[in-house]
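These notes concern the structure reproduced below.
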Amino acid sequence: MKNITRRNFIKLTSASAVAVAHSMSTFEFAHAAGPRPLPAGTPILVIVTL
C-alpha cells in the first residue's frame, strides 16, 4: 500500500462524504438507524474533517 498523506486522506474522505450526500437525502440519512439499530457495544468510527 502506498503512503497516504494527510492531504490525500482528506481528499478521499471528502469524496466519499460527497458520494453519500448525493445518494441519500438528509431525511433518509437521519432516519436510517431507526428500523435497524446497531447492537449495543458495536464500535463506530467517526471521522470529522475540518
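Table for the structure above
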{"item": "Förster radius 22 Å - calculated FRET efficiency between residue 7 and residue 48 (Cβ-Cβ, nearest 0.05)", "result": "0.85"}
{"item": "Ordering of 38-48, 7-17 by packing [mean C-beta count within 10 Å, highest first]", "result": "7-17, 38-48"}
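Each reported figure results from applying straightforward, stated rules to the coordinates on display, with no laboratory input. Remember, it's a predicted structure, so these values are computed and weren't measured experimentally. So basically every Cβ, Gly included, is an ideal-geometry build from the backbone, and we count neighbours across all protein chains shown.
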